[in-house]
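Some notes on the structure that comes next.
Values quoted throughout were computed directly from the atomic coordinates according to the rules given, and no laboratory measurement underlies them. All of these numbers come straight from a predicted model, not from anything done at the bench. Positions of Cβ are backbone-derived with ideal geometry, glycine not excepted, and every protein chain shown enters the neighbour counts.
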Amino acid sequence: MEYLKIMFLSMLPVTELRGAIPIGIAMDLNPIGVYIVSVLGSTLISIPLILTFRHILQYLRTKKKFQTLVGKIDKKIKSGIRRLKNVSVLGIILFVGVPLPTTGTWTASAIASILRMRIKDALIGVLLGNMLSGVIVSALSLHII
């Protein structure tokens, strides 16, 4: 039951994986189990987030107030779409993998939606980024580094 709580914490935008792992280790849970459920929870939440952000962007495209802003974003993306497609997965991995504030799954899902990444590519990027970030946060929480 405690691992389920840690998984839920890793899905929340405030704690995400970066907060769930130290909390789980502080609760004296098995660090490997904490790592696994945190990565799993933080990655699984990205699928509904990407789909939700896509719908929000689509909704904003229909509203006059936001058409200018969304139009500028779309124009910028279309101009560099080939370049962005090639580096987008690696960018998501690095963005999520470096454990800094606001660089987690929620923000990466929004970025993936804006870049119109395929869900599969975005999910791979988020998963690998979460795995990298989880290793770093676990090592810091266990005072290894």
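The per residue volume of the convex hull around the alpha-carbon atoms of the chain is 105 Å³. Computed from the C-beta positions of residue 63 and residue 118, the FRET efficiency with R₀ = 35 Å rounds to 0.85. Stretched out straight at 0.36 nm per residue, the stretch from residue 74 to residue 107 would grow longer than its current Cα-Cα span by 10.1 nm. Computed on the chain, with alpha-carbon pairs under 8 angstrom and 6+ residues apart, the relative contact order is 30 percent.
Electrostatic tally near residue 100: other residues with Cβ closer than 13 Å to its Cβ, Lys and Arg +1, Asp and Glu -1, net 0.
Total lysine pairs in the range 1-133 at Cα distances under 28 Å, for residues eight or more apart or on different chains: 21.
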